[in-house]
Every structure is written in C-alpha cells, then in structure tokens.
C-alpha cells in the first residue's frame with residue numbers, strides 16, 4: 001500500500017524533530033553530566049544519562065517505524081502523549097532569562113513534533129491505520145497490522 005501524503009509528511013517532520021532532539025541532547029550533555037556528578041546523591045548514576053539517551057532513541061525510532069512504516073494506530077496516541085510531555089518540558093525554559101540555545105531549538109522542535117502528530121489524524125491517514133471511514137471514534141489499536 002502506498003503511504004498517503006499525511007504519513008509522508010509525518011515521517012519528514014518527525015525525523016527532523018528527532019534530529020533536533022539529538023542536537024539538544026548534545027548541547028546539554030556536559031551540563032547534565034556535571035549536575036549529576038556534583039550532587040553527592042547522584043554522583044554514582046552517571047550511567048543513567050547514557051541510558052536515558054538510549055531509551056529516548058529507541059522509543060523515538062519505534063514510534064517512527066510503527067507509525068510511518070507499519071501503520072499501527074495505537075502508537076499515534078503514544079506520539080501525542082510524548083509530544084505533550086515535550087511541550088510541558090519546554091515551558092520552564094521559557095521563563096528563564098536569557099533563553100538558552102537548547103530552549104530556542106526546543107521552540108522549533110516542539111511545533112515540528114506537534115505538526116507531525118497532527119498529520120496522523122488527517123482524514124487521508126485513516127486507511128493507512130486500517131480505520132473505517134464511517135467510524136467517528138478511532139479504535140486505539142486499528143485493524144491494519146500489529147507489530148510482530
């Protein structure tokens with residue numbers, strides 16, 4: 001099945017947002033690792049930063065593959081949830097002066113991610129997820145195919 005235009009747009013926007021997220025990680029890595037190392041309560045947990053980055057990458061790539069390549073409908077709700085969490089995580093940085101570069105990049109990243117998520121609910125994307133045209137309510141799991 002040919003991927004509909006909203007799914008192609010999702011993929012492009014989402015992967016661009018993902019790349020910006022990796023850039024933000026790179027820009028904040030030293031600050032985060034220093035903060036972990038200087039606090040006696042967290043000094044022994046430097047490995048958690050690497051684990052958190054790895055987990056973020058795995059989740060993002062899973063979401064991209066499941067939605068853009070396999071058409072798994074329930075994962076689009078996961079995209080919405082994590083996009084909302086990214087938006088909420090950006091808010092505290094908006095109230096610090098001056099705005100740091102990672103926050104400014106976040107101001108680009110989050111709208112990209114929100115626009116990508118919106119593509120998943122476009123009428124043209126319904127067939128991709130195996131959702132019936134007549135359904136007003138989306139099934140969380142869809143009917144197209146499950147990841148296996």
### Query
Condition test on residue 121, is it assigned to a loop (DSSP other than H, G, I, E, B), out of contact with any strand residue (DSSP E or B) (no Cβ under 7 Å at 6 or more places or on another chain) and surrounded by 13 or more Cβ atoms within 10 Å (Cβ to Cβ)?
yes
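Restricting attention to segment 97-107, does a residue exist that is part of a loop (DSSP other than H, G, I, E, B), closer than 30 Å to residue 3 by Cβ and at pLDDT 90 or above? Break it down into steps so the answer makes sense when it comes.
Applying the first criterion (part of a loop (DSSP other than H, G, I, E, B)) to segment 97-107 yields 97-100.
Subset that is closer than 30 Å to residue 3 by Cβ: none.
Among the residues of segment 97-107, not one is part of a loop (DSSP other than H, G, I, E, B), closer than 30 Å to residue 3 by Cβ and at pLDDT 90 or above, which makes the answer no.
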### Query
Does segment 57-71 contain any residue that is part of a loop (DSSP other than H, G, I, E, B) and either surrounded by 14 or more Cβ atoms within 10 Å (Cβ to Cβ) or modelled with pLDDT of 95 or more (or both)?
yes
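The values are calculated or read from the model by the stated rules, or taken from the named source; none is laboratory data. Since the structure is predicted, the reported quantities are computational estimates derived from the model, not experimental observations. Cβ: placed from backbone, ideal geometry, glycine included. Neighbour counts: every protein chain shown.
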